[in-house]
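Written out below as structure tokens is the structure these notes cover.
Nothing in this text is a laboratory measurement; each read-out follows from the coordinates by a stated rule. What you are looking at is a predicted structure, and each value in this text was computed from that prediction instead of being measured. Positions of Cβ are generated from backbone atoms using ideal geometry, with glycine treated the same way; all protein chains shown enter the neighbour counts.
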Amino acid sequence: MKEYLKKNGIRMGIIVFAVALLIGVSRVTRAGEIGVFQNVTGIVKAPMQKVLSSVVNWMDTIYGYLYDYDSLLAENESLRSQLADAQQSARDGIEASEENVRLRQLLNLREQHTDYEMESSKVVLWSSSNWASSFTISKGASSGIEFGDPVITEYGAVVGQVTEVGENWATVSTLIDVDMSLGAYVGASGSSGMVVGEFGFMRNKTAKLTFLGGGAQIFVGDEVLTSGSGGAFPAGLVIGTITNVQTEEGGQIEYGIVQPQVDLDSLVQVFIIKSFQVVE
């Protein structure tokens with residue numbers, strides 16, 4: 001009842017007022033109080049009825065518009081909510097599909113490297129520092145992750161290394177970070193060297209291949225892999241590709257600019273190698 005009055009109160013009020021006014025005029029006419037003005041009353045009464053009827057119709061139209069407007073707002077809000085739910089379901093489906101692809105690739109990697117003990121983890125926060133390239137993952141010491149553990153993608157591409165560990169989180173410094181270095185060799189020639197992070201290269205999301213052995217030759221397009229030297233990383237992981245070969249200022253020493261195999265900007269999940277067989 002309250003809802004009905006709320007929706008129809010204005011229209012009912014106008015109708016009641018109009019009816020009361022017409023009844024009042026009729027009573028006055030029947031009582032003879034107007035006398036000689038009865039004809040005038042008849043003349044005035046008819047236009048008043050038309051005016052009141054027009055007002056009622058106008059108010060009814062306004063009310064109908066307002067009611068329809070409220071209904072459209074409610075319907076629009078409902079559609080927005082349904083669209084948001086549908087979009088979230090679509091995102092969940094895409095994320096699930098992408099994770100399935102990653103896990104299938106990881107299964108292939110496990111089959112190729114049965115000595116790897118790995119832990120998967122989500123990337124939860126990237127560092128806001130301009131002087132480092134690192135991110136936080138959602139697992140830590142409680143999952144068996146330790147300082148120095150290598151971090152890779154499901155394809156076996158090097159991401160970086162664990163450089164800080166908490167109970168249920170850890171920090172990963174990427175391979176382009178200024179404090180990173182790892183033993184490497186060039187796939188085509190077998191030349192050995194080191195891939196290191198430098199600030200100037202990090203800003204361009206690249207790393208530097210340097211400390212090359214005597215007589216080493218490197219070329220644009222050569223693939224750079226981990227050498228396994230030092231025991232920090234397993235041998236044979238893909239680091240990236242040489243995109244440019246340059247010479248140190250004032251000398252004849254060559255170095256290569258390495259474009260990482262991993263797209264750091266698109267990382268959502270990584271895999272930590274907790275143990276592996278070191279090849280002597």
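Along the charge dipole of segment 117-275, pointing to its positive end and built from +1/-1 on Cβ of Lys, Arg, Asp and Glu, which listed residue (L237, G140, V123) has its Cα farthest out? So the residue we want is V123. Computed from the C-beta positions of Q82 and E111 and an R0 of 41 Å, the FRET efficiency is 0.40 to the nearest 0.05. Placing unit charges on the Cβ atoms only, positive for Lys and Arg and negative for Asp and Glu, gives segment 117-275 a dipole magnitude near 120 debye about its Cα centre. On the beta carbon distance between E164 and A232, with R0 = 25 Å, the FRET formula returns roughly 0.95.
The stretch between I253 and V123 holds 43.0 nm of extra length on full extension. This uses 0.36 nm per residue minus the Cα-Cα distance.
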